[in-house]
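Structure first, commentary second.
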Amino acid sequence: MPTARRRREIGTAYLFLAPGFLLFALVVLYPIVRAFQISLYNWSIVSAIPSQFLGFHNYNRAFHDPIFWRALANTGFYMAVTVPAQIVLGLAAAVLLDARIPARGLFRTLYYLPVVTSWVVVSLLFRYLFITDGGLINWILHDGLHLTSHNINWLGQRWTAMLALSILGIWKGIGWSMLIFLAALQGVPRELQEAAAVDGAQAWARFRAVSLPAIWSALTFVTVMLVIGSFTIFISVYLMTGGGPLDETQVLFTYMYRQAFSFLDFGYGSALAFTLTLIVFVLSLAQLRLFRRPAEVR
């Protein structure tokens with residue numbers, strides 16, 4: 001049984017945790033519960049008109065909705081391209097910037113600049129870069145290098161548009177990954193690196209045997225956050241393609257937004273939102289289990 005002093009310490013800890021938990025419940029848990037409630041109805045935004053209870057009809061509708069599955073596939077493609085690229089490139093940049101090189105502070109700032117730029121601004125910039133007529137990418141490929149016989153309709157086709165969106169996501173996110181990895185690398189004891197070097201280990205061997213295990217927690221955190229971020233992509237798709245043409249580039253977030261705020265079908269939009277929440281939750285749990293160290297698995 002805990003002593004009176006121990007109980008007071010636990011009570012004090014919960015007292016300090018209470019404001020944060022209440023804020024979390026207010027801005028995260030309550031909207032999730034509310035979205036699930038709305039998803040069970042043909043929700044009416046007019047108080048004078050009662051909402052019709054549908055049960056799980058909206059979820060069954062999503063299961064048979066080809067645009068939902070296309071949006072899920074597009075989101076999965078975006079995740080599969082951007083997450084590994086951001087991890088690899090961000091880690092490579094962190095390793096380089098952890099070394100003693102000239103103007104290291106300047107390079108760190110330059111790598112991080114895309115992170116703090118506005119999503120709206122860079123999405124509009126990339127839209128003009130990839131526009132069919134007059135875009136810089138087509139000018140380089142067609143007029144400059146003569147690698148293509150015609151201008152490519154980058155944003156008018158499904159997979160080329162998803163590729164352009166993925167390039168934007170990678171460029172925008174490398175700096176964030178780099179910052180987390182750089183902070184973790186700076187916490188690796190230099191004595192271990194020097195001991196491995198004395199034993200004759202080359203740079204790659206030192207990184208694999210010393211640095212990588214030391215930053216494993218940071219790698220787990222970055223992977224989980226990037227996967228969550230890839231499933232909540234919205235602004236770039238909304239501004240660059242609008243989900244078109246013919247819903248070919250819809251992702252889960254834009255499709256959910258369109259159903260709720262364009263068609264005012266809040267019941268179906270909430271069902272999509274709750275489904276997205278479940279997908280992200282399951283993926284996060286799977287990643288945390290996958291990234292467990294062998295000693296942590298019981």
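Failed condition for GLN202, given (1) more than 30 Å from ASP65 (Cα to Cα); (2) surrounded by 15 or more Cβ atoms within 10 Å (Cβ to Cβ), with all others met?
Condition (2) is where GLN202 drops out.
Yes or no, residue by residue, for (1) touching a Cys at 6+ places or on another chain (Cβ under 7 Å); (2) without any contact (Cβ under 8 Å) to a residue 24 or more places away in the chain; (3) closer than 16 Å to TRP171 by Cβ:
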residue: PRO84; (1), (2), (3): no, yes, yes
residue: ILE87; (1), (2), (3): no, no, yes
residue: PRO102; (1), (2), (3): no, yes, no
residue: LEU113; (1), (2), (3): no, no, yes
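Looking at LEU219, LEU278, which one is at pLDDT 85 or above, on the phi < 0 side of the Ramachandran plot and open to solvent by 40 Å² or more (accessible area, probe 1.4 Å)?
LEU278
I'd like to know if segment 49-62 contains one or more residues that are out of contact with any helix residue (DSSP H, G or I) (no Cβ under 9 Å at 6 or more places or on another chain) and open to solvent by less than 70 Å² (accessible area, probe 1.4 Å).
Yes, segment 49-62 has at least one match.
Scan ALA92, ALA85 and give me the residue that is aliphatic (A, V, I, L, M), open to solvent by 40 Å² or more (accessible area, probe 1.4 Å) and modelled with pLDDT of 90 or more.
Just one listed residue meets the conditions, ALA92.
If you go through segment 193-229 one residue at a time, how many are free of Cβ contacts under 8 Å to residues at least 40 places away in the same chain, under 21 Å from VAL83 (Cβ atoms) and of a type in the set (Val, Ile, Thr)?
Looking only at that region, the number is 1.
Which of the residues belonging to segment 114-139 are part of a helix (DSSP H, G or I) and either open to solvent by 80 Å² or more (accessible area, probe 1.4 Å) or closer than 15 Å to GLY242 by Cα (or both)?
Hits for segment 114-139 are VAL116, TRP119, VAL120, VAL121, SER123, LEU124, LEU125, PHE126, ARG127, TYR128, LEU136, TRP139.
Consider GLY187 carefully, then state whether it is open to solvent by 50 Å² or more (accessible area, probe 1.4 Å) and either small (Gly, Ala, Ser) or out of contact with any Phe, Trp or Tyr (no Cβ under 8 Å at 6 or more places or on another chain) (or both).
Taking the combined requirement at face value, the residue satisfies it.
Can you tell me how many residues in segment 140-178 are assigned to a helix (DSSP H, G or I), in contact with a helix residue (DSSP H, G or I) (Cβ under 9 Å, 6 or more places away or on another chain) and open to solvent by less than 80 Å² (accessible area, probe 1.4 Å)?
21
The values are calculated or read from the model by the stated rules, or taken from the named source; none is laboratory data. Model, not experiment: these values are computed from the prediction. Note: ideal-geometry Cβ built from the backbone for every residue, glycine included; neighbour counts use all protein chains shown. Protein only, heavy atoms only, side chains kept; ligands, DNA and RNA dropped before computing areas. Shrake-Rupley method; radii C 1.70, N 1.55, O 1.52, S 1.80 Å.
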